[in-house]
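Undergrad: Here you go, one structure.
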Amino acid sequence: MADKSTPQHLFADVLARVHAACSALATEGNWPAGIDLSRVVVEPPRDISHGDMATNAAMVLAREAKAKPRDLAEQVAAKLRADELIASVDVAGPGFINLTLKPKAWANELLTLLREGASYGRRASAAGEKVNVEYVSANPTGPMHVGHCRGAVFGDALASLLTFAGYEVAREYYINDAGAQVDVLARSAHLRYREALGENIGAIPDGLYPGDYLKPVGQALVGEHGDKLRAVPESEWLPIVRNKAVAMMMEEIKGDLAALNIKHDVFFSERSLIETGNNKVAQTIDFLRSKGDVYEGRLPPPKGGPIEDYEDREQTLFRATAYGDDVDRPLLKSDGSYTYFASDIAYHKDKFDRGFRDLVDVWGADHGGYIKRMQAAVKAVTAGKASLDVKIVQLVKLLRHGEPVKMSKRSGDFVTLREVVDEVGSDAVRFMMLFRKNDAVLDFDLAKVIEQSRDNPVFYVQYGHARGHSIFKNAREVVPDLPEEGCARAAYLENARLEQLTAPEEIELLKRLALYPRTVESAASAHEPHRIAFYLYDLASEFHALWTRGRDLPYLRFIINNDAEITKARLAMVQGVVSVLASGLAILGVNAPTEMR
C-alpha cells in the first residue's frame with residue numbers, strides 16, 4: 001500500500017485498489033504468505049486507446065498464485081470491475097490489465113490539486129532518506145564554460161526534484177585543488193603577477209592557462225605581496241600563489257553559478273583530505289588493506305587498448321575486480337603520491353561517514369570510463385550499504401542560427417557560462433539544458449532559445465502560465481468575485497461544479513494534470529529531471545490547444561459570458577494548469593511569469 005505520509009493521488013489511489021484486489025485473491029486462494037506487491041505498478045498505457053491506466057499485477061504475481069497470467073488477470077479484473085471508481089476493465093495479451101476510470105475520478109483529482117496547491121505532487125519528507133548530489137566540481141582553474149553549465153543545471157534541478165519528492169538533499173561541490181592542474185594554475189597566475197609588476201611576459205607558454213581571467217589574480221598578488229614573490233624560488237611562492245588563485249577562481253565560479261541561481265550547501269576541498277593533520281586518504285587505504293582489498297602487485301598489460309594509469313611495476317593496488325570492475329586499480333603513483341582515484345575513494349567514504357547512503361555524482365562526458373571503478377570503491381568502503389549513481393552529462397554544441405559560436409576572448413579557448421546567461425537569460429539556459437536527456441548531446445542555439453514561438457519550449461511553457469493568468473483577469477467580467485491571489489482563488493474554485501468538465505478535450509487536460517505526481521515520483525526515482533521539462537511542455541501544449549480550439553468552437557471557451565457556473569469549472573481547470581506549471585518550473589529553477597512581454 002502507499003505510504004500513509006504520502007498524499008493519495010489518483011495513480012497511487014488506483015494502485016492501492018489493485019493491491020487490495022490482489023490481497024483479497026491471495027486470501028481466497030491461499031497464496032503463500034508474504035506476497036511482494038511492490039512489483040505491481042499502475043502506469044499510463046503505451047497506447048491511450050487501451051484506457052486510462054494499466055497494471056502488470058497478473059504478470060508479476062502469476063508464479064506465487066500458481067496460475068497462468070491471463071487467468072489471474074481475469075480474476076483481478078473481476079475484482080476491479082466492482083470498484084466504484086472504475087468504469088471498465090479489459091484484459092489484453094498474455095495478462096495485461098487495462099483500466100478506464102469514470103469521469104468523476106478526474107474531477108475529484110482536480111479538486112485534490114486545488115486543495116493542495118503548490119504541494120500537489122510533493123511527497124512528505126521521510127526520515128533517514130538523505131541524498132548527496134555532487135555536481136559541477138569543475139577544476140578551479142578558470143571561469144565556468146558552457147559545458148560546465150549543463151552539469152550545473154542538471155545537478156541543481158535533480159537536487160530540487162529530490163527535495164520536492166521528500167528526500168533530504170545535500171548539494172555538494174568537490175574542489176579539485178590538490179592535483180597538478182592547480183600547480184599549472186599557480187604558474188600561470190605567477191606569470192600574470194610578473195606582468196602586473198610591469199614585466200613584458202610575451203606570449204603565454206604552451207601548457208599554461210592563456211586567458212585574461214588571471215590578470216586580476218596577478219594584480220591582487222601585487223597588492224598583497226608587492227614584488228616579494230618575484231625573487232624567491234618557486235618552492236616558496238607556488239603554495240602562496242596557488243592558494244590565492246584557487247580562492248579567487250572559486251569566488252568567480254560561485255559568481256558564475258549564482259547567475260544561474262545555483263548555490264551549493266557544501267564546498268569540499270580535495271586538499272583537505274591530506275593537509276589537515278588527519279590524512280583521510282592514508283586512513284582509507286589502511287581501512288581497505290585491513291579488509292584484504294589492497295595489495296602489492298603488478299598489473300597485466302591492457303588487452304583492449306591503453307589504460308591511462310597502467311605502469312609495469314610493483315605497486316599498491318585496490319582489488320576493484322572483487323567489486324565488479326574490469327581491472328584492479330593503482331592507489332599510489334611511482335613518486336609515492338596518491339592517484340586521483342585514491343583521493344576519490346577517501347572522498348566518497350567521507351560522504352558515507354557523514355551519513356549519506358544514496359550518492360549521486362554528476363560527471364562530464366569524458367568520465368564514463370571511471371564509473372565502474374568508483375562504484376566498486378563505494379561498495380568496498382561502505383560494505384555495500386551505500387549506492388552510487390553516476391549521471392553522465394553529454395556535450396553541449398553552442399550555435400547561433402545553426403552555426404557554431406566562436407570562442408571567447410576572455411577565456412582564451414572556450415565560451416564562458418556567464419556570456420551565455422548574459423545573452424539569453426537564466427530561464428532559457430536552465431530549461432533548454434534540461435529539455436534533452438542528460439546522456440544525449442545537446443544543440444543549444446542562442447537564437448532559437450529567445451524566439452517567441454512554439455518551437456521554443458521555454459517560451460511555450462512560460463507563456464502557458466502567463467496565459468492562465470490572463471484568463472483569470474478577463475474572467476472577472478463574468479465572475480467578479482474571483483480572488484486575485486492564487487491560494488484564495490484556488491479555495492474559491494473548490495466550490496465549482498467540476499462535474500461539468502465533460503468535453504473530451506477537457507478530460508484529456510485533466511488526465512495530463514493527474515499525471516504530475518506520478519511524473520515527479522518516477523523522475524526522482526530515475527534521477528531524470530528532464531522528465532519534468534518534457535511533461536511541462538506536453539501540459540502547456542494541451543492547454544494552448546484547448547484555448548485555440550475555443551476560438552473555433554465558442555462553447556469550449558474558458559469564459560462563457562452568460563454562464564458563470566461553467567466558467568468557474570473551467571477556471572478551476574486553468575488554476576490546476578497554472579499551479580502545476582509553476583510547480584514544475586520551480587523544480588527546474590525557471591521563473592513562472594504572470595505576463596509575457
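The values are calculated or read from the model by the stated rules, or taken from the named source; none is laboratory data. Since this is a predicted model, take the numbers as computed values, not measurements. Every residue, glycine among them, receives a Cβ derived from its backbone with ideal geometry; neighbour counts consider all protein chains shown.
Undergrad: Any idea how many residues of segment 376-410 are closer than 23 Å to His148 by Cα and not in a loop (DSSP other than H, G, I, E, B)?
TA: 13
Undergrad: A further question follows. In segment 76-98, which residue that is closer than 20 Å to Ala65 by Cα, aliphatic (A, V, I, L, M) and assigned to a strand (DSSP E or B) is modelled with the lowest pLDDT?
TA: Ranking the candidates gives Ala92 first.
Undergrad: Mind listing just one residue for me: the one in segment 400-422 that is modelled with pLDDT of 65 or more and basic (Lys, Arg) and, of those, surrounded by the fewest Cβ atoms within 10 Å (Cβ to Cβ)?
TA: Lys406
Undergrad: Something else now. Among the residues that make up segment 225-240, is at least one of them crowded, with 20+ Cβ neighbours inside 10 Å, modelled with pLDDT of 95 or more and within 22 Å of Tyr173 (Cβ to Cβ)?
TA: Scanning segment 225-240, I find no residue that is crowded, with 20+ Cβ neighbours inside 10 Å, modelled with pLDDT of 95 or more and within 22 Å of Tyr173 (Cβ to Cβ), so the answer is no.
Undergrad: Next up: Specify the residue that is surrounded by the fewest Cβ atoms within 10 Å (Cβ to Cβ); the eligible residues are those in segment 166-196 that are acidic (Asp, Glu) and assigned to a helix (DSSP H, G or I).
TA: Asp183
Undergrad: Filter segment 508-535 for residues that are assigned to a helix (DSSP H, G or I), more than 24 Å from Thr100 (Cα to Cα) and not basic (Lys, Arg) and give the result.
TA: Ala523, Ala524, Ser525, Ala526, His530, Ile532, Ala533, Phe534
Undergrad: Looking at segment 538-572 only, could you name the residues that are within 28 Å of the chain's Cα centre (by Cα) and of a type outside the set (S, T, N, Q)?
TA: Asp538, Leu539, Ala540, Glu542, Phe543, His544
Undergrad: Restricting to segment 467-505, name every residue that is exposed (fewer than 13 other Cβ atoms within 10 Å of the Cβ) and of a type in the set (Ser, Thr, Tyr).
TA: Of everything in segment 467-505, just one residue is exposed (fewer than 13 other Cβ atoms within 10 Å of the Cβ) and of a type in the set (Ser, Thr, Tyr), namely Thr502.
Undergrad: Okay, next question. Are there any pairs, at least 6 apart or on different chains, whose C-beta atoms fall under 6 Å, with the first in segment 50-65 and touching a residue at least 12 places away in the same chain (Cβ under 8 Å) and the second of a type in the set (S, T, N, Q) and surrounded by fewer than 20 Cβ atoms within 10 Å (Cβ to Cβ), and if so, which?
TA: If the second residue must be of a type in the set (S, T, N, Q) and surrounded by fewer than 20 Cβ atoms within 10 Å (Cβ to Cβ), the pairs left are Gly51/Thr100; Asp52/Thr100.
Undergrad: Please go through segment 293-322 and give me each residue that is within 37 Å of the chain's Cα centre (by Cα), over 20 Å from His367 (Cα atoms) and modelled with pLDDT under 90, ordered by number.
TA: Lys303
Undergrad: For segment 174-195, indicate whether the set of residues that are closer than 30 Å to Ser583 by Cα and modelled with pLDDT of 95 or more is non-empty.
TA: Within segment 174-195, one or more residues are closer than 30 Å to Ser583 by Cα and modelled with pLDDT of 95 or more.
Matching residues to (1) at pLDDT 95 or above; (2) surrounded by 16 or more Cβ atoms within 10 Å (Cβ to Cβ); (3) within 28 Å of Leu536 (Cβ to Cβ):
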{"site": "Glu116", "(1), (2), (3)": "yes, yes, yes"}
{"site": "Ser125", "(1), (2), (3)": "no, no, yes"}
{"site": "Glu129", "(1), (2), (3)": "no, no, yes"}
{"site": "Tyr135", "(1), (2), (3)": "yes, yes, yes"}
{"site": "His148", "(1), (2), (3)": "no, yes, yes"}
{"site": "Gly151", "(1), (2), (3)": "yes, yes, yes"}
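Undergrad: Kindly evaluate Phe352 against the criterion of being within 30 Å of Arg597 (Cβ to Cβ) and either free of Cβ contacts under 8 Å to residues at least 60 places away in the same chain or touching a Pro at 6+ places or on another chain (Cβ under 9 Å) (or both). Give the derivation first.
TA: Values: within 30 Å of Arg597 (Cβ to Cβ): no; either free of Cβ contacts under 8 Å to residues at least 60 places away in the same chain or touching a Pro at 6+ places or on another chain (Cβ under 9 Å) (or both): yes.
Answer is no for this residue.
Undergrad: Could you say which residue among Thr567, Thr548 is in a helix (DSSP H, G or I), crowded, with 20+ Cβ neighbours inside 10 Å and hydroxyl-bearing (Ser, Thr, Tyr)?
TA: Only one candidate passes the filter, namely Thr567.
Undergrad: Report yes if Asp256 is in a helix (DSSP H, G or I), acidic (Asp, Glu) and surrounded by fewer than 17 Cβ atoms within 10 Å (Cβ to Cβ), otherwise no.
TA: no
Undergrad: Name the pairs whose Cβ atoms lie under 9 Å apart, with the first residue in segment 440-464 and closer than 16 Å to His530 by Cβ and in a loop (DSSP other than H, G, I, E, B), the second modelled with pLDDT under 95 and not hydrophobic (A, V, I, L, M, F, W, C), and 6 or more positions between them or separate chains?
TA: Val441/Lys397
Undergrad: Separate question: Does Ser541 fit the bill of being of a type in the set (Gly, Ala, Ser), touching a residue at least 40 places away in the same chain (Cβ under 8 Å) and touching a helix residue (DSSP H, G or I) at 6+ places or on another chain (Cβ under 9 Å)?
TA: Here the answer is yes, as Ser541 does meet what is asked.
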